[in-house]
Amino acid sequence: MSWQTYVDSNLLGSGKVAKAAILGQQGGVWAQSAGFEISPTEQKAIIDGFSKPEQVQANGVRVANEKYMTIQANPRSIYGKKQADGIVIVKTKQAILVAVYLAPIQAAEATPVVEKLADYLIGVNY
C-alpha cells in the first residue's frame with residue numbers, strides 16, 4: 001500500500017479527519033491531502049517537538065500556517081486545539097502522522113483513528 005493510500009483511506013476516509021499528512025522522521029513529506037502544505041520549518045519543529053515536549057507544550061505547534069495551542073505533548077503524541085478545531089500528531093518508528101479535525105468533529109472521535117493507524121504502522125516496523 002502506498003503512503004498516499006494511508007492518508008486517503010485510513011485518515012481522510014474515516015470521516016473524522018479533514019486534512020492529513022505523513023512525514024518522515026528524517027524530514028520530508030511522504031504523503032498529504034490536497035492543499036495541506038507543511039513547510040520544512042514546521043516539519044522540523046514537529047520532529048523536534050517529540051524530543052522536547054515541554055517546548056511544544058509551552059509554545060504550541062504550527063502546521064500549514066495555523067497555530068494550535070498544545071493540549072498534551074509527550075514522546076509519542078502531540079494534541080492541539082485552535083478554537084473548535086484540533087490536531088493530532090503521532091510518532092511511529094519511522095514516520096509522523098499529522099491529522100487535523102474540524103468542528104463538529106471532536107478530539108475523542110479523531111484521536112483514536114490516528115492512534116490506531118500509528119499502532120498498525122509501529123506493528124509493521126514503520
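The values are calculated or read from the model by the stated rules, or taken from the named source; none is laboratory data. Keep in mind it's a predicted model, so treat the numbers as computed, not measured. Don't worry about glycine lacking a Cβ; one is built from the backbone with ideal geometry, like all the others, and counts go over all protein chains shown. Remember, those area values only see protein heavy atoms, side chains included, never the ligands or the DNA or RNA. Shrake-Rupley method; radii C 1.70, N 1.55, O 1.52, S 1.80 Å.
Just a few scattered comments:
- Of the trypsin sites (Lys or Arg not before Pro) found in segment 2-76, those that fall in a DSSP loop while having at most 15 other beta-carbon atoms within 10 Å are R76.
- Using θ = phi - 60° in the Karplus curve 6.51 cos²θ - 1.76 cosθ + 1.60, the 3J(HN,Hα) couplings for segment 112-117 round to x, 4, 6, 5, 5, 5 Hz; x is entered for Gly and Pro.
- Point-to-point label distance, N59-T41, nm (Cα→Cβ direction, 7 Å offset): 1.1
- Computed over Cα pairs, the Kirkwood radius of the chain leads via Stokes-Einstein (1.002 mPa s, 20 °C) to a diffusion coefficient of 153 µm² per second.
- Across segment 63-109, C-alpha contacts under 8 Å between residues 6 or more apart give a mean separation that, scaled by the residue count, equals a relative contact order of 25 percent.
- With every protein chain in place, segment 1-116: carbon and sulfur % of accessible area (1.4 Å): 53
- Debye, to nearest 20: dipole size of the chain, +1 on Lys, Arg Cβ, -1 on Asp, Glu Cβ: 160
- For segment 67-126 versus segment 3-33, the inter-centroid distance based on Cα atoms is 11 Å.
- In sequence order, segment 4-10 has phi-based couplings of 4, 5, 4, 5, 5, 8, 6 Hz under the Karplus curve 6.51 cos²θ - 1.76 cosθ + 1.60, θ = phi - 60°, and Gly or Pro positions carry x.
- Distances between placed amide hydrogens fall under 5 Å for T92 paired with L97, all partners being 5 or more residues away or on another chain.
- Rolling a 1.4 Å probe over the protein heavy atoms gives the chain an accessible area of 50 Å² per residue.
- R0 of 25 Å, Cβ-Cβ distance V29-E115: FRET efficiency to nearest 0.05: 0.75
- Within straight-line reach of K91, meaning a Cα separation under 14 Å, sit the following aspartates and glutamates at least 8 residues removed in sequence or on another chain: D48, E115, D119.
- Sequence-separation-based contact order of the chain, relative, with Cα cut under 8 Å and 6+ spacing, percent: 22
- Inter-site label distance for K52 and A84 at 7 Å from Cα along Cβ, in nm: 3.5
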